[in-house]
1. For segment 206-227, indicate whether the set of residues that are without any contact (Cβ under 8 Å) to a residue 12 or more places away in the chain and of a type in the set (A, V, I, L, M) is non-empty.
2. Scan segment 134-152 residue by residue and report those that are crowded, with 19+ Cβ neighbours inside 10 Å and part of a loop (DSSP other than H, G, I, E, B).
3. Suppose we filter segment 62-77 for residues that are modelled with pLDDT of 95 or more and either small (Gly, Ala, Ser) or farther than 22 Å from Leu12 by Cβ (or both); how many remain?
4. Considering only segment 153-165, how many residues are surrounded by 20 or more Cβ atoms within 10 Å (Cβ to Cβ) and either more than 22 Å from Ser96 (Cα to Cα) or of a type in the set (Val, Ile, Thr) (or both)?
5. So which of Gly234, Gly251 is surrounded by 14 or more Cβ atoms within 10 Å (Cβ to Cβ), closer than 20 Å to Thr72 by Cα and of a type outside the set (D, E, K, R)?
6. Hey, Gly168 hits all of (1) over 28 Å from Asp94 (Cβ atoms); (2) touching a Leu at 6+ places or on another chain (Cβ under 9 Å); (3) surrounded by fewer than 17 Cβ atoms within 10 Å (Cβ to Cβ) but one; which does it fall short on?
7. Quick check, is Pro263 over 19 Å from Asn114 (Cα atoms), without any contact (Cβ under 8 Å) to a residue 24 or more places away in the chain, surrounded by 15 or more Cβ atoms within 10 Å (Cβ to Cβ) and not assigned by TED's automatic domain parsing to the domain that holds Ser74?
8. Among the hydroxyl-bearing types (Ser, Thr, Tyr), within 14 Å of the chain's Cα centre (by Cα) and crowded, with 16+ Cβ neighbours inside 10 Å - does that describe any residue in segment 112-125?
Amino acid sequence: MHKIVFLDRASLPAHVRKPDFAHQWTEHEASTRADVVERLRGATIAITNKVPLRADDIEQLPDLMMVAVAATGSDQVDLAACRANGIVVSNIRDYSLVSVPEHVFALILALRRNLRAYMADVEEGKWQASTQFCLFDHPIADLAGSTIGIVGYGALGRKVAAIARAFGMRVIAMSRSKIEDKDVRQVGLDELLRSADVVSLHLPLTEQTRSMIGAAQLAMMKRGALLINTARGGLVNELELAQALQDGVLGGAGFDVLSKEPPSADNPLLALQLPNFILTPHVAWASAGAMQTLADMLVDNIEAFERGAPQNTL
């Protein structure tokens, strides 16, 4: 009988059905790195969203046969150690193809139309004191006719492109594989950064992509361009981004992710009090529909493994 242990159940506020085979199920609301080995001792299937599973943990868990990642990102799991020990790792794919792209455009629209600044004006009584029927204190820009640069043209990148087209935007993209969409111009990173009015990141965090956007790359961007990151915080050097925003190098930035989550109090982006910077707490994925889809796919992966036909493996 499989022993299944969910290390951080509170990270998935959706109904998680129990697998349709005989098993023992244990779940913990949250777990620290120090809890991992003790809580997974004797487990054959581990479920983790953000709790790290490192090589030294895995070596102490001889019964472990599968790691079911309750997310798309798998950088918290040592995949090489799992492979070396014959452990199957499956993740969740394409569950947030509505939620994340909609959040991307919520950030873009709020920034292009200066919503934070205008809301603050109303709260401070500036509109009420105006001599005109409206207040023109901050620039407003349309999306139609502008260019979005999508870094990473997988399923999410393609959905973002589809919404961009509906707004009348031109689409350029960077991708390791050939882009088949005829109305998308495939470019390298430097050309994308120089050409785009909005840059949206849709890449996994790897050693190759870590800090791929820093001061040099930010300096390439148009003076009024926006940088949107709903992928992984480590893709961008946060200190250099904060400096670029303070210096007016960028038109603005909208982030849903940080390099460490929950963030440390000294994260430089937390200290920014700028109307052209929006930070949300890693919720782009978290619509009710997306979370339920994720929960269902999580159990689908576990059931497929038990049938001897693992799916969504890494």
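The values are calculated or read from the model by the stated rules, or taken from the named source; none is laboratory data. Remember, predicted model here, so these are calculated numbers, not experimental data. In this analysis, Cβ positions are derived from the backbone assuming ideal geometry, glycine residues included, and neighbour counts consider all displayed protein chains.
1. Start the filter on segment 206-227 by keeping residues that are without any contact (Cβ under 8 Å) to a residue 12 or more places away in the chain, which leaves 207-208, 216.
Going one step further and asking which of them are of a type in the set (A, V, I, L, M), we end up with 216.
Yes - at least one qualifying residue is present in segment 206-227.
2. Matches in segment 134-152: Leu143, Ser146, Gly152.
3. Of all residues in segment 62-77, those modelled with pLDDT of 95 or more come to 62-70, 77.
Add one more test, that the residue is either small (Gly, Ala, Ser) or farther than 22 Å from Leu12 by Cβ (or both), and what stays is 62-63, 68, 70.
The total comes to 4.
4. 1
5. Numbers: Gly251 fails: closer than 20 Å to Thr72 by Cα.
Answer to the selection: Gly234.
6. (1)
7. Details: over 19 Å from Asn114 (Cα atoms): yes; without any contact (Cβ under 8 Å) to a residue 24 or more places away in the chain: yes; surrounded by 15 or more Cβ atoms within 10 Å (Cβ to Cβ): yes; not assigned by TED's automatic domain parsing to the domain that holds Ser74: yes.
Judged against the criteria, Pro263 is a match.
8. So the first thing to find is which residues in segment 112-125 are among the hydroxyl-bearing types (Ser, Thr, Tyr), and the list is 118.
Of the ones still in play, those that are also within 14 Å of the chain's Cα centre (by Cα) are none.
Among the residues of segment 112-125, not one is among the hydroxyl-bearing types (Ser, Thr, Tyr), within 14 Å of the chain's Cα centre (by Cα) and crowded, with 16+ Cβ neighbours inside 10 Å, which makes the answer no.
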